[in-house]
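A.B. asks: Here you go, one structure.
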Amino acid sequence: MDATAQVSSAVWLRSFGLSKKKLTMPKMLARLGFQQKEDYVSKLGRPVSSRYSHGLFQQYISDGKIYNLTAKKEEVLQKVESVANIIELYHRRLEWLNSSSRSVFGVVQEQSVVIILDLSALTKSQRNLCQDAICLVIREQVAHISKFNLVWVSQEPWKWHPRVIRVNQHSIEEAVEWILNLQDPPVANVDSTAEAVSEALDDQVEAIYYFTAGDVPVAKIQKLKQRIENSPCPLHVVCYNPLKTTNVPMLSELSHQTSGRFHVYLEKNKDTKTNQPNGYPDVPGASKNLPELELRKDELMIRSELSKAQENLKQLQDIWQTFYNSEDEKNNSNKVEETSEDCVSSKEWLKTFGLKAQKLLYYDALADCAFRHSDGIADIKCKPEDESIQTDAENNLKVINAKYCDGFVHVPWKDGSVAHVHISKEKCRWYEERMKTVLDKMNRRYQSVQLRSEQLKHKRMFNFVKFDSKVEAWKPKLAEVNEENMKEAWCWIKELQVGSSTNTLKAIQVAITDSNTQAVYLLTDGRPDQPTDAILDQVNILNQIPIHTISFNCNDNEANSFLYELSNKTGGRFHTYSSYVKDPDAPQSFVSEDIQLLLNEIEKGKSTLEKIKKLHMECLMLDWCHSEDTDVPQSSLDISSSRWLKIYGLVPRRLTIMDALAPTMVPHSAKYVPILDKHVVSKVFDEVLPLAHVSGNRKLITLINPQAVNLSDYKEKLGRAIKSYERRLNLIVWRVLPQEERDNFNSDVPISYLDNKEALLQALDRLGWPISPEDVMLLEDEIQAGKTYLQQALDLQEGSNKKSVTEYSSVQTNHEKNETQKMKQKPKRALLDTLRGQKVIARSEIDGFYYPGTVLKSINSKSALVDFWLGENQVVPIRFIIQTGGALPCPTLKVGDCALSKTGARGGGGSYVPAVVIATPRMDASDKLYTVLKYDKRKEHCLRRELIKISPSQFAVSCGYIRKAQMIDFTISLAERNLLSENIINKLEELSSQVTQYQNEQNEKQKAIQVYINELKEQNSQQHTSGLQVEEKTIAKQNINLLEQLKLLIPIRNSEKEKDESPVLNNDQPLLPGQKVLSLCSHNGLYEEGCIIHDCGDLSYFVERASGEIARIHRDDLLTDSDDYKKEIKESDPVIGPHPLHPGSYCPGVVLNCSPDLKVTVQYYDNAEDLAPREHIYSISPEKYKRDTSYILACERRWIGEPVVARNDDTATFHLAKVKKQTDDCKKYVISWADGTTAIQDKEWIFGKFSQPHVLNVGDRVLTLAHPSSLTFLPGIITAINGTKLQILFCNGKRCQNIEAHHCFGLSEKIYDSAVKFYCEDNRTIDSDEDHISSENEDSHSDISSFTISSVDSEK
């Protein structure tokens, strides 16, 4: 895991955070066990949980949740190690963030940057320090990005290169040299920095870094702020060691102006103490004025994640100590902790933490999932070679393998035997995680060994010898290793200067002179002055101690060869270090035994892990192959598809459609007739061989009889072949995918290639196509060919069946016609029956499907008697009859069209079901098949002649009828009436009686209105057809009488109580019958869509709403498109628009914003806001806005004191109640139940006197009485109307056939869906043991027979 990724902590934690690594406590506990669930029991009124787990599992409580632990010890230890590893990773990340160039410059996160250097206010020594810091940044961070450039701030900006250049070793060294050669102090003015930024912006980079040292003048900052006002890239500011803190906040604001980062570095010295948490000096008031560091933010994010990880580790250790760790293991663990890993060699360390000690070697991992292969020996009797000598059968022993052997992977065992192995998914995952944990530990050990080998703090005595032309020792003798000597040596080394030559021999002699010296480390960068042979001879004479040589940035092969030979002869080690590309011919560095053992163990672990993964994949392949019924051998996957298809393809297996029809083929040739100038064929074979196959030569025709071929058997064989091709295709693709790619599909077995084609092709492209693309394409083509043959066989089979049924039907129809003619009597006079004898498809009342039949006669203008081909006679409405005989139009079908699709679901003639076209045939396709999606979400391929186009409304009606016909018809059970207290019963009766009087009046009035409206329509139709003047006058007089009676029944509904003023809307344009309008609803003050049905002549109109209610509305309260289309809507204009909380209703509001895409943001009277199209917005005057708003509020207030039916949110059912008052926000009501308790409810869940009336029809959604004994109301759907009774399907799945119409409140579709969803969430179980309500028990409704509601059952 990389702790040094050059990105921000937020990006870094996306890859290494606890959530990404699945090391959060909930996720780990879910892997170590399972959570104990609780469920709420309404009867007990509290949550309960099962108790069976108390004695079966160890239980651990985390965040108030109980977890039952089922994991093994190894799994818990593995999680502990994983969390410990991530904690160590976070520590390394923190150390990296606060070290070296990151502390000076922050983290360079972009790939293309320009660094601006502004060092104008520094002394020479300070400038040298800054130059060294910038060089460090370039070597450590810029070296890892793509492009960069440098700009030196001076009188004229000095760019290192005209444009950004790519990063490489040469460019890095050139940039460092350029910076170090900047010796002269820059002469800068106020505008110099702004000009340098302009030069940097010309390079079009991702970011600009402005590095400034010391104090920056305020005027320069102001100029710079003006220049970057429209900067396309962020400006990151790095402030190096500012002396004053007054201007630092201004620099921070400068960076934030362009969404950049800000970083401050303060040099640590004796006078400056960085004890503040943000890294600033301990100066009074400094931390208050300085902004927070960006690097500090990165550090805080890592520390926050670190604290969470440490808390998780503590909880895991608590689980381990409490439930898994025995006393012996605790003692052993204490002993191991006492022995530090740093004090043992790698050989000893691997005895405890190596692969063998952890039981992770190859055969150790397979020990619990392998068993030995055993061969059976069978004694097979056979005849003797010489039958004349003896007559007894000879014994022939034969080795036989068990049948199950092919289902397992064969592995050679370490003793030479063969074993069967089956590695499960859980076993492979556990081994992989365990192995990665051990390998990570080895890598950390490897790094620590490398570091420890170069550290002096673990030694006892040391000394340094500097040599060039002269040799100088730091101390005369070896010095003890302590803090004081280490600091002194470091200062001595920093004062060293570059020399002119290399006196290697003298330096070795000085080092060996000290008798306490046990080893010499020779660090040099060049060839020695003395001959190498002479040095080697002198070393042999001197004291024999190991000399370890280090070649430092030395590219001289002869010098490196000498150092290697010197270390080899003295028993030392040779090591090289170079910041450049290493010479492949140079001697290799010595690797210690500790490091080599670790490297070997790591390599062995990786190799073993790959072997286990490969075995696991072979096991998965075998499981998948044996679980499927396949005839494809597993070994055939290794051969190419072209070769494989030559054996198993459709052609060699004789599974093409022509192979299936070959036994019935008869060659037939066309004959040329000169007088006709064309080729003709004989018709003699048409009855026996109805189909023909024409090849490229149209003169040669092959006649086919599909009825003589077993196409069903052919389709079954072809289907198995296609399945085997798909299985092979899935296998060859899946087996080449690595585990990382397979994890993206969340499957352990091969997935369908055809269903995931795009994703699999992308994965193969990323892998560089490890399999041949030709193998994949050949199998795809073979599968497509097989599906084509399959569809052709299906078409032939259906075509032959249809022909036989047609012949039978024609004979039967002729017979029935003859019988009908015999029974006919000569009618006196009859109207022309156009449908009689027509071939049609008609809807069946039983299941809602359309079946072929013949119309016997028309009953009336709306229904006809149909004789179905299945022998049933039914009276069917004419709108559900579609003609199929004669010359009929055949419109073109497009995607999305609705149609009736033929299916063989019932009888030989089949049936037609509603469907939607989702695909049309291709232009170059030979089969011309349409793909349709049927009502039951099933796809099917059909020919054009099997589809009958219908309208979307017909499709919706057909689907709805089929769904209702398939519902189980049962009635609601009649439970014993609950014994309510007398007070509650009296209260309920009182509430019922208060609503009854109003509902009876409304019911009678609506019935009278419907009668008058029907008479008025009839009179108007007679007036149009009448030609006599006297009759016209009579009809007109009758119309006037009817209108006067209607005006008395329907008063003008206008929101303005008193019409003293002139109308607000002065529009004299008359409205015509049938015109669409928005009309004011007197029940709630909202506007609803409706249709003009009559002009009363006094600026009032009869309007029929979508609910079926007929109202008389004044012209001022009607809105049309013609009233609004010329008006321009601006902000703050009053309008009428669709309310987001009331579907289908419009209300007044004020325009907040008008967008260019003709969308208008409206704030409505109740402060709700919504975005609506301009065509749905109607402009009104301020006076009308004020009037309509006041009327809506008045309608909301008049509910107070009224008896209602309201929803009880505790039970999700509806009950009788009384409205007490409105809440403070006027959006809800306080209601009082019959038992005296109160509740708060939204106005949309309250129904009563002022609810919107509805004319009820089949399919409408209502709120009606479901349980008469408890006066409980539930939402339901009207499934049928029997006279005055309604059949309701309630939301709990039950039915009732005896519901009165005046017991029902009409509901919109959205309100109904919301009520049903709320009911289902609160009532998850439905009591299905209740008795059904029979028609004899209708008296159960008699107690509330007088309780009526605002919806009425109007017969039109």
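The values are calculated or read from the model by the stated rules, or taken from the named source; none is laboratory data. In this text, all values refer to a predicted model and were calculated from it rather than measured experimentally. Reconstructed Cβ throughout: ideal geometry from the backbone, glycine too, with neighbour counts over all protein chains shown. Calculation scope for accessible area: heavy atoms of the full protein, side chains included, ligands and nucleic acids excluded. Shrake-Rupley method; radii C 1.70, N 1.55, O 1.52, S 1.80 Å.
A.B. asks: How much length would be gained if the chain were fully extended between residue 743 and residue 132, taking 0.36 nm per residue of separation minus their Cα-Cα distance, in nm to one decimal?
C.D. replies: So the chain would gain 215.2 nm between residue 743 and residue 132.
A.B. asks: Shifting gears a bit: Mind scanning 862/1249; 65/613; 715/949; 427/604 and naming the pairs with a C-alpha gap bigger than 26 Å? The partial results should precede the final answer.
C.D. replies: Numbers: 862/1249 38 Å; 65/613 36 Å; 715/949 30 Å; 427/604 20 Å.
Those over the limit are 862/1249; 65/613; 715/949.
A.B. asks: If Rh is defined by the Kirkwood formula over all Cα pairs and Rg also comes from Cα, what ratio Rg/Rh do you get for segment 67-203?
C.D. replies: We get a ratio of 1.24 for segment 67-203.
A.B. asks: Rounded to the nearest 10 Å², what accessible area does residue 622 have for a 1.4 Å probe in the complete protein model?
C.D. replies: Approximately 30 Å² for this residue.
A.B. asks: Pop a pseudo-label 7 angstrom from the Cα along the beta-carbon direction at both residue 519 and residue 862 and give the gap in nm to one decimal.
C.D. replies: 10.8 nm
A.B. asks: Right, another one. Under a point-charge model restricted to the Cβ atoms of Lys and Arg (+1) and Asp and Glu (-1), what is the dipole moment magnitude of segment 1-135 relative to its Cα centre, in debye to the nearest 20?
C.D. replies: Computed charge dipole of segment 1-135: roughly 600 debye.
A.B. asks: Return the FRET efficiency for the residue pair residue 717, residue 425: r is the Cβ-Cβ distance, R0 is 30 Å, and the value is rounded to the nearest 0.05.
C.D. replies: Step by step, r from the Cβ atoms, then E = 0.30.
A.B. asks: Next up: Multiply the residue separation of residue 845 and residue 356 by 0.36 nm, subtract the distance between their alpha-carbon atoms, and state the gained length in nm to one decimal.
C.D. replies: 168.3 nm
A.B. asks: Using only alpha carbon positions, build the gyration tensor of segment 408-545, then give the equivalent ellipsoid semi-axes as the square roots of 5 times its eigenvalues, largest first, whole angstrom.
C.D. replies: Listed largest to smallest, the semi-axes of segment 408-545 are 52, 22, 15 Å.
A.B. asks: Additional query: Under a plain spin-label model, where a point goes 7 Å from the Cα along Cα-to-Cβ, how far apart in nm are residue 494 and residue 1209?
C.D. replies: 7.1 nm
A.B. asks: Cα centroid distance between segment 63-138 and segment 494-535, in Å?
C.D. replies: 39 Å
A.B. asks: What FRET efficiency, computed as 1/(1 + (r/R0)^6) with R0 = 45 Å and r the Cβ-Cβ distance, is obtained for residue 460 and residue 20, rounded to the nearest 0.05? Let's see the in-between values first.
C.D. replies: On the way: r = 46 Å, r/R0 = 1.02.
Between residue 460 and residue 20 the formula returns 0.45.
A.B. asks: Now for a different question. Compute the length gained on full extension between residue 189 and residue 1098: take 0.36 nm times their separation in residues and subtract their Cα-Cα distance, giving the result in nm to one decimal.
C.D. replies: Result: 318.6 nm gained on full extension.
A.B. asks: Still on this structure, I have one more. So for segment 1-134, taking the charge dipole from beta-carbon charges (+1 Lys/Arg, -1 Asp/Glu), which of 69, 47, 120 sits furthest toward the positive end?
C.D. replies: 47
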